[in-house]
Amino acid sequence: MIQSMTGYGKEVVQLPSKTITIEIKSLNSKGLDLNTRVPSTYREKELEIRDLLAKSLQRGKVDFSLYIEVTGEEVTTKLNESVVKQYMKQMANVVNADPVELLKMAVRMPDALKTEREEIDEKEYEVILKGIEKALEAINKYRTDEGLVLENDFWERAKTISKLLEDVIAIDPERVDAVKERLRKAVSDLQEKVDENRFEQELIYYLEKYDITEEKVRLKNHLEYFEEALKSHDSNGKKLGFITQEIGREINTIGSKANYAPMQQVVVQMKDELEKIKEQALNVL
């Protein structure tokens with residue numbers, strides 16, 4: 001089953017005094033490019049979170065964000081009362097001012113506020129892990145839905161290329177006859193007598209150089225292999241990319257050997273369809 005690397009998942013968990021928001025976004029990338037943003041409190045858990053994301057998402061440019069908003073009375077920054085009182089006492093010796101004004105000045109002084117480092121609440125962390133799992137479920141569903149759209153597009157374009165290959169096969173005898181006629185006319189225009197046996201040998205040699213039988217067979221095989229890969233239970237964008245390269249190689253060879261305008265026009269259509277497949281294949285997991 002095809003999966004896209006593009007996806008989005010979000011989960012919001014409401015606790016009595018906190019709102020926890022988890023967001024995961026992903027775009028296409030050659031490998032796994034993982035960027036995480038977590039509060040300092042959970043910095044020591046970052047590697048564990050990254051491993052969890054890597055196992056589930058595998059590839060893509062992934063942005064993970066964990067936001068914790070305190071909605072209750074819980075605060076981590078507190079007034080350093082003893083330090084503030086000392087500041088007020090020292091300033092009172094210097095200037096005769098209202099205590100409220102002294103307090104306003106004191107709280108701006110160094111160390112007037114202290115930030116207490118929160119210890120990890122294991123129960124809260126379990127809630128966060130469950131939230132991450134739900135966000136991963138959401139982004140993977142998004143990727144699967146996007147993958148279904150890609151898969152349908154691949155099927156249609158592969159069928160179009162197969163139909164165009166049938167056109168190439170149908171045109172080929174006509175092309176060979178046209179090439180023979182061109183060569184005979186070219187010899188006739190020379191108004192020179194030629195050895196018919198020698199001419200036939202040269203004609204056969206020339207036609208063998210432009211023979212596309214092998215390319216037609218290989219292209220048909222590659223298209224069948226591409227369709228088999230689409231039916232696979234695994235989503236393997238790299239494999240699809242390799243197959244499209246082989247398809248492109250055969251199409252290009254047919255184009256270079258065609259030497260016949262109607263066939264070259266069909267080849268241009270095949271290339272156009274293949275380019276669209278290549279662009280979309282870059283987004284496959």
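Couple of notes before you dig in:
- Just one of the listed residues (Lys257, Lys276, Lys271) is at pLDDT 95 or above, more than 15 Å from His222 (Cα to Cα) and not in a loop (DSSP other than H, G, I, E, B), namely Lys276.
- Test result for Lys10, touching a residue at least 60 places away in the same chain (Cβ under 8 Å) and either buried (at least 18 other Cβ atoms within 10 Å of the Cβ) or under 24 Å from Gly147 (Cβ atoms) (or both): yes
- Failed criterion for Leu66 (all others in (1) surrounded by 11 or more Cβ atoms within 10 Å (Cβ to Cβ); (2) more than 20 Å from Leu15 (Cβ to Cβ) hold): (2)
- Tally of residues being crowded, with 17+ Cβ neighbours inside 10 Å and under 14 Å from Glu11 (Cβ atoms) across the range 139-181: 3
- Highlighted here are the strands (runs of 3 or more DSSP E) found entirely within the range 1-99 that include at least 3 residues which are among the polar types (S, T, N, Q): 18-27.
- Just so you know, in the range 103-156 the residues that are of a type in the set (Lys, Arg) and either closer than 18 Å to Val70 by Cα or not in a loop (DSSP other than H, G, I, E, B) (or both) include one that is nearest to the chain's Cα centre (by Cα), and it is Arg143.
- Contact annotation: residue pairs with Cβ atoms under 6 Å, 6 or more positions apart or on different chains, pairing a residue in the range 111-127 that is over 13 Å from Glu44 (Cα atoms) and hydrophobic (A, V, I, L, M, F, W, C) with a partner that is at pLDDT 75 or above and not in a helix (DSSP H, G or I), are Ala112/Asn80; Val127/Val13.
- Of all the criteria given as (1) in contact with a helix residue (DSSP H, G or I) (Cβ under 7 Å, 6 or more places away or on another chain); (2) free of Cβ contacts under 8 Å to residues at least 40 places away in the same chain; (3) not charged (D, E, K, R), the one not satisfied by Leu223 is (2).
- Residue that is surrounded by the fewest Cβ atoms within 10 Å (Cβ to Cβ), among those in the range 227-253 that are touching a Leu at 6+ places or on another chain (Cβ under 7 Å) and at pLDDT 95 or above: Gly248
The values are calculated or read from the model by the stated rules, or taken from the named source; none is laboratory data. The structure displayed is predicted, hence computed values, not measured ones. In this analysis, Cβ positions are derived from the backbone assuming ideal geometry, glycine residues included, and neighbour counts consider all displayed protein chains.
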